[in-house]
Structure formats: structure tokens, C-alpha cells
Amino acid sequence: MSIPTQTAANPQLLKLLVGAMIFCGVFLRFYHVDHKAIWDDEVVTWMHVHGVYEREVVTQAANFHRAADLRAVLHPSSGLRPISAVIGPLRTEDPQHPPLYYQIAHLWVSLFGDSVAAVRTLSAIFGVLAIPCMYWLCVELFGSPAAGWAGAALVATAPIDVLYSQEAREYSLWLLCTLVSSALFLRAIRLGTLRASGLYALALAVSLYVFPLSTLIAAAHAVVAIGARASMRSKLYAIGAMALAGLLFVPWLLIIVSKFTDINSSMSNIVAATSLRVFTVRHTISLVRLDVIDWDGAHQLFVVGATIPIIGLLLLAIYDIRRQRSQVTRLFVWALLGSIAVPLIGCDLALGGHRVETARYFIPMFLALDLCLAALIATKLSPKNEPASRVIWTGSIVMVFALRISSSAMSSQATTWWNSFHIRSHEVATLINASRHPLVASDDYILWPLELSEYLAPDTEVALRPRCYLCKVPKNTSSPLLDLATGGDPRDLFLIAPSDALLSAARAQVRDKPSALVVNCIEVRGSCPGGGIDFWSTGH
């Protein structure tokens, strides 16, 4: 299919712009895909893909003596467990994450290995597939190839989409499933056939098994199905398809319900009512701004100055949807936008919490914003508008794309970014590797040593007595404190998020042998009184 040539004053310029943006988007999804340090959520991905329970690792931690032993947890040499083994750890330890992505990743790893580059490449491929699917959705929604190409270029360059296309998690697949299920939903409403509705039901069920917040996407579809000016048959088929998808998801939904207390506990940092409402408003503005610019705190003065025109442009795009002739189009875009934004931001405003700071939950909201921008671009660059207006809007749109590309280009050069809480595994591991006869010790979550193990020298000694993050293994308070004996040899001790008891024991050894031991505290969320080596930050 060729790019339409009668949508702007200079059709060749439009072709070049769209082609360049799509090329840049594809390139940036694969460029430096393994450059950023892996972080705790990705460590969990590796364990799930290999069918490893966190409780296994915690209970075996006393047998880990070197960094190579830890690294073998994420990169086992004994071969993959069967794909059925993926279900168990998810069901018992992490049920808020359905199994489909992890099973696909398991098959991928069996073919291409479990290196950081290999596993993240799977997410990048899902991100690339989202680009033509955005074209498809826009054509279904707006009936306009011009809007389709604009939408494809927007998804290709969206900073949030590029970022999560380089993370070993399910979020780029969730975006892809949202696009496919939404396009099939619109097609089912338009055609009103059993076959179209059946395909939509299957796509929605797949989306639910990728990420449970797909229920909110289904709610948006339900609003459209009920409110659309369509035949009663189309409405009934669409609603029936949603019911069928829900029935297919019931087995995992029952697991989620049975583990709800554990899920709520594991997400306490997100749902805890500790944030002031004014912070929620501020974070909402910062969140929406991410659709155009994400410089991770760099050039803050410029970013703050750009916020007002960016928010203004996005609000104009949302408002301009009212010009669409199709009632289904207007209802769909606004429902998709509200389905994520209203419940999550509303909960933060009403109950408190930090949901709005968890940008990955808002991927469908960014999709809705890009749908609005796609329609706006197709409208403003139409040859029906005055030439002067087209020139002004062309300049504005080029600026939007320039900010998006610069955001992803900056991210591609960084070893850490806000989505991984600025994890500094690279820097900390480099410091440890350069020290004298290092010993890494921790009695906190096993995830921190596992992250470091990816970059530590294999023979680095470790001493671990970890506690669970996701699993339910009681802490063995009767066992002796970690053995920090130095044997009299000078060495550097690195304590990762130590408890007060561990830190006190280490400092006591320093007092006994001041020339033999240097204690370094690795800071994770205030774990080092007086400060330490910064490893994990909540800074944005």
C-alpha cells in the first residue's frame, strides 16, 4: 500500500517524513538493546522464563559462594525446564502477571538463548509489529490512509513505546495486543458477523492473558458497543465476544482473586496512600508529557518550558476528535483514553497512592493520545486547509517528531533510565570489580545480588541470607548471622541494603581489624544510615 500523495502541500516531504520516522522507530528499538542495566522486574522475568521459583533461590542462597553461582540462576547451564514449568512460579508468586508472555519468551529463549540482548529483542520485535498494527487501527477508526500513516509514525517514535520495547517484560506485547484487539473490535462492529466477532473474542482473551489491565480496555470497548450507532446484531455479537473472552480468562482470574491479598502486599509501594494530591496532579502532567518528550531530567528548564505547549497540543488533539463524522470514532477514542486514565488517576486522587508514577500501566492512554494526534495531523495537513496553516502545522508536527526522536536517542545512550528506577548495576559492579578481594553480602531481597551478578567478575565472593520479595519463605531468625570473616587478608566488604544487625556486625569487625576490612554500604531505599553507594533510586 502506498502513502497517499494528496494529504499535504508537499507530498514528497510527507513521504520522507513518515518513512524516516518509521525507520528511526525500528532502528531505536534494536539499537543498544542490551545497553541498559537489567533491573529487578527483569530479573523476575528471567526466573519466570526458566520456571524458577524465587523461594528456590532464597532457600538455596547459602550455597552461593561466588557471583558465577548467582548468575547461573538467570543463565542456567543445565538447559531449560519444560514450558509447563513457567506456570507454577507465576501462579504461586506473581499471579498479577498472566503466563502468555513468559511462555512465548520461554520458546524464544530455547531458540536464541537467554542473554540480555536475546530476551529484550523479543520485546523489540513486538514493538516493531505494533507499527503496522497502528496503521490498521487508524484506517479502521478514521477510514483514512493519511491518518494511518501518521499513526504508524507516531507509534514508531513514541518515547514510551520505544522504551518498553527494550525491556524484558510484557508491556510491548500488551501494546501490540491492545492494537490488534481494538482493530478487530471495530471490524466486528462494522461487519456484524460471527467470524469477525470470534476473532475479536480470541484477540481480547490473548490480551487478558498478557496483562490483566486489558479488562479496562474491554470496558472501553463495551462503552463503544453499547453507545454506538450500529445494528443490534453487531452490538450483541461484540458484547458476546467480550463475554466469551472473559470466560476464557476465568481460570487465571480465579488465581488472581485467590491471591489478591498477596498481590496487594507486593504492590504496597504503588497503592499505599502516602502521596499528597498535589503531587498526583504534578505527576499526571509529567506523565502526559512523556508522549512527546522524555529526557529523564536532563535540560530541565527547557522541558518545563515545553510542557505548556505540549499539553496544549495534546488537549487540542483530544478536543478536535469531536470533528470526526463517525460517532463510533469519537466514542472509541475518548473511551480508550478514559478507560485507563480515569480509574488509575482517580484512585490516586481519591485514595492516595503512586499509580500515576507507574507509566507502564498507562500505555493504552498513550495510544489514545497518539490516535488523537494522528487524526489532528491528517486534518491539519489536508489540502483543504489554507497553505499558510499547513506550513505552520507542518513545522509544529516536525518539532513533535524531533522531540520524540531526541528522547529515544538520549535513552539509547544511557545505562539506566527512570523506568528502572535509575538502577546502577553497571556502576556498582565496576566499583566492586576494581576493589581489593571483594566480598558482597546481603540479607535483603535476593533480586539485588542477582542484578549485580550480571556484571560482577565471576569469581567475586558472595555471602547471602536473603528474604523473599514475591515468595512466602519465613526468615530463619535462628540461623547465625552471615559469616563475614576475612581470614586476616585485607579486603573490601560490600553490603547490599543491609539490615541493622548485619551492618552493626560488619562495623564491629572493622573495629576489631581496622586494617583488614573496609565496609561499603550499597544504598537501596534508605538502607544505609548516613548514605552509601547509590544503587537503586526512586528519583524521576
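Only the coordinates and a few stated rules stand behind these numbers; no lab work does. Every value quoted in this text rests on a predicted model; they were computed, and no experiment measured them. We place every Cβ from the backbone using ideal geometry, glycine too, and count neighbours over all the protein chains shown.
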Query - Estimated 222 nm signal from helices in the chain, with DSSP H stretches of n ≥ 4 weighted -39500 (n - 2.57), rounded to 500 - result: -20000 deg cm²/dmol
Query raised in the report: Does anyone have the angle between helix 116-142 and the longest principal axis of the chain? Alpha-carbon axes, 0 to 90°, nearest 10?
Result: 20
**Report entry** Cα gyration tensor, the stretch 298-365 - rounded (a/c under 1.5), prolate or oblate
**Finding:** oblate
Query raised in the report: So how compact is the stretch 201-290: Cα radius of gyration and Dmax in angstrom?
Result: 17.4, 48
Report summary line: Stokes-Einstein D for the stretch 268-415 (37 °C, 0.692 mPa s, Kirkwood Rh from Cα pairs), in µm²/s, comes to 196
Requested in this report: For the chain, find the longest principal axis of its Cα atoms and tell me its angle to the long axis of helix 327-351, 0 to 90°, nearest 10.
Outcome: 30
Query raised in the report: Per the Cauchy relation, a quarter of the hull surface: what is the mean projected area of the convex hull of the alpha carbons in the stretch 1-134, in nm²?
Result: 10.9
**Report entry** By average C-beta atoms within 10 angstrom, highest first, the peptides 176-183, 395-402
**Finding:** 176-183, 395-402
Query raised in the report: Within the chain, what's the longest stretch lacking trypsin sites (Lys or Arg not before Pro) that sit in DSSP loops with no more than 13 other Cβ atoms inside 10 Å?
Result: 1-228
Report task. Compute the Cα gyration tensor for the stretch 132-287, then decide on rounded, prolate or oblate, letting a ≥ b ≥ c be the square roots of its eigenvalues: rounded whenever a/c is under 1.5, prolate when a/b is larger than b/c in the other cases, and oblate in all that remain. Result -> oblate
Report summary line: By the C-alpha gyration tensor axes a ≥ b ≥ c (rounded if a/c is under 1.5, else prolate when a/b exceeds b/c, else oblate), the shape of the stretch 345-457 is oblate
Requested in this report: Would you mind checking the tilt of helix 194-208 against the longest principal axis of the Cα atoms of the chain, expressed as 0 to 90 degrees and rounded to 10?
Outcome: 30
**Report entry** Per-selection metrics, the chain (Cα): Rg and Dmax in Å
**Finding:** 25.2, 83
